Each structure stands twice: as structure tokens, then as C-alpha cells.
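Just so it is clear, none of the values below were taken in a lab; they were calculated from the coordinates. Owing to the predicted nature of the structure, the values given are computational and were not obtained by experimental measurement.
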Amino acid sequence: MSTSTQAAAGNRRWLGLAVIAAAQFMVIMDTSIIGVALPRMQAELGFTQENLSWVFNAYVVALGGLLLLGGKLSDVLGARRVFSAGWVVLLAGSLIAGLAGNVETELVGRAVQGAGSALIAPSALTLLFMLFGANPKELPKALALYGAAAPAGGTAGVFLGGVITEYLSWPWVFCINIPIALVVIALVPAVMPAGAAGAGRRVDLLGAVAVTAGLAAAVYGVVRAPEVGWDTGQTWGVLAAAAALLAGFVSLQAKRREPLVRLGIFRSPNLAAANIAQLLLGAAWIPMWFFLNLYLQQVLGYTAFPSGAALLPMTALIMVGMIALAPRVLAAVGPKAATVTGLVLLTAGLAWLALIDPDGSYAVDVLPASLVAALGMALAFIPTLGTAISAARPEEGGLASGIVNTSYQIGSALGLAVMSAIAAANGADQLGDKSALTDGFSAAFIGAAVVAAVGALGTLVLFRNPVAAEADAETPERIAA
């Protein structure tokens, strides 16, 4: 291959990474951009304080519930094809959400957006490994840039959400997706590797329905419990249905010749531990972001634009930390120590945020604690993500991507549902009462800190060192799985 041909291939590979990073950017932006707009949406569409989290959860439940299907489809149909299809679905959901005039239509639009993102996220990671997996020097840099796209999307989401909500109107927080989606769809054929589809392989649609319905029922039961009562038949009936659906899903996977999730994949060294860490990371981080938005607007009295701008230092630190700091820490101390350190810092930041005051200030009550939490997020995210993906067989890259994304997103949904219930039980449902709202938000931060602490302890116990993990990978049981 000539030097000019190699240079062209290299440029194409990095342009492909830019498109993949744009996918991660959009998936996370669609979770964060609505935060600043929530009070306006609540007023115009008629959401109650208890049900407001469903603007977030409708997206995340669809995303988390369908990510396993998206990963499997990526392996069966080809990552590039599924990647493009996901952007088409995301575009359609953005139109529905932006044009919604009532609660029901808005939630449908958010769910469709989540379904599109469930196709995009695992296929994007598969494409990244197809582009850079053969180059061990470039892969860590590509993963760091991909990981940094998440906080970049968070940064853009809170900032653009504030600007759009303040100076245009909240529907535009969804319509902004449309031009980005059109550009990406046009670029995909030129910059993405075609890859090979899994000829003759089947997709377990029944399993996908069972896991999505089970996860949705679990989140719905927890979100509704403060309103209808934890000791009511409705609450326990919904939670029992969720447990039955998820148990049925596991049973199906054990019996099927071509399951949605090959249960043996969890025997891969560190894959299960990395996914548990990602689940708890999402369960701690997303409630923090959600309730910080509400504290800034409903207690400190910030309008939409200042509220979005107030979260920029936190998200900017995550982006810088993931690109510049996390890879160095990972190389120096390994994934286990890096993840534990990150989760401990996140715990400390959340505990600090729990000290918020109804008459507090941004400089004292929000900024320093949020920066500590952001540093923890930056250190914990990259090593758990890389460990989870690299632990799987090459032909199951899409599945592993789907599993780790599912872990984070479902952790986010369940964590937010639980913390919303805790917040409501401690006064966050009393709009207009700053003291009660602060008590509720503080309780949610304490709950999230406990989750992060459990994540740190779990990582300390469950993560194996690289030497032991490599030895396990050669055992007959691992090969048979």
C-alpha cells in the first residue's frame, strides 16, 4: 500500500471516529438537554412533579431495554446498517417529541428517540473496534475520545438546553437533533467499514420484548410508588410482574439456541464486574445531574440559561479528565484502582452536595462538590467501559457493547426512579416550599452517594487483576462458553 493510500485510510478512520463520537454525543445529549427545559415542559404539558422524571425515563427505559437487541442486530445484520437505521429512528422520535402537545405524545416521542439510540450506541462501539481494534496504540486514544463525547454531549445538552429554552422554546431542544442526524446519515457510507453480517443467525425478538417490558415495569413501579403507596397492591403487583418478566427473559436465554444474550458471556473475566460498576455509576450520576438542575431552578431561582451555564464547569472537567487524565491513570494503576478511585471521589462529591441549603449559593453549595463528583466520573467511566468491551469474543462485540450500555442506562433509569421516590418522600413534591424541596433533593444526593459507595466496594471485591483475568481466559470452561 502506497504512503498516500495509507494516509487516506488513516484520515478515513479518524473521520469515522468523529461520526462515532457524534453518535455518543447525541445519545447523551438527548438525556441531558431536557434537564433545563423540564420546568417549562411541566408547566405547558401538565406533568406532575412525581411524573416529571418520565421525560427522562421514557427515553432511558426504551434505550436500556432495547440495547441488547440493538447489539444483537449489529452482530447479525452488520454494524453499519444498524447504525444508519438508528439515526433514522432517532430523527423520527425527535420530530414527534418536538411537535408534542400533550404528555402522552411527548413520552411516545421520547421512547422512539430511545429506540433509535438503542440501535446507534452498540453499533457505534462495534464500528470503533472495527476501525481501531487492530492497532493497540491508537485504540486507547480512540476510546478516550469516544468516552469524552459523552460529557461533551452532556455539556452541550445543558448549555444548549438553557439557550434554547430561554430564547426560543422547549420543543427546539428536540428539533436540534434533526440536522445532525441528516449529516451523519449522509456520511456513514463513505467513512464506516461495511463489516460482515452474521449469515443465517436469528434474533430473539421474544427475549427483547420480555427484557424491555420487565425493565419498564420495574421503573414504572418505583416511580409510581410514592404517589400510590409502597404498601399497595398496585405497586407490588407491578414489581412482581417486572420480576416475572425478567426471570422469564433469563429462562429464555438459557434455553434458546440463539439467545439475545448468551449467558456464558458473563464468564468472561471482569465483564460482569465491569457491567455492575457501570450500572451503579449510572444509578449515582444521573440522579445527581437531574436534581442539580431542579435545585438550581426551583430553589436558587435560576432561569433556564443560567442553569445550563452553571453546569458547564462540571461537564467540561469530565471531558478534559476523560481525554487527558483517565488514560494516564489507567496506564499507571490499572482499571481496578482507577475505577475504585473514581467511585470514591464520586461518593465524596455527592455527600458534599447533600449539604445544600435553601438559602445557599452556586459558588458554595454546587460548584466545588460538582467538580469533585465530575472528576470521579471521569476516572471511573473509561476503565469500566474498556474492560467490558475487551472481555468479549470479537464476534460478540455488538452484544458486549449492548450489555455495557444497557447496564449504564438501566442503572440510570432505576437510580433516578429510586432517588425520585426518596426525594418525594422527603419533601421534593412540595413545589414552592424551598426548604422542603431542599430536604428532598438532599435526601436524593445521599441515596446516590450510597450507590456510588457500593459501586466502589463492589469493584474492590469483584475486579480481577489483568494477570489473573488473562489466565482465566485460557481455561477450558471459558473456551467452552
**Asked** Under a straight-distance cross-link criterion of Cα-Cα below 30 Å, which lysines are reachable from K72, leaving out those fewer than 8 residues away in the same chain?
**Response** K137, K141, K255, K336
**Fill in**
Rounded to the nearest whole number, the per residue volume of the convex hull around the C-alpha atoms of region 271-351 in Å³ is 97 Å³
**Item:** More than 15 angstrom apart: percent of Cα pairs within region 405-470
**Value:** 63 percent
**Complete:** Note, region 424-430: 3J(HN,Hα) by Karplus (6.51, -1.76, 1.60, θ = phi - 60°), whole Hz, Gly/Pro = x, goes 5, 5, 10, x, 6, 8, 9
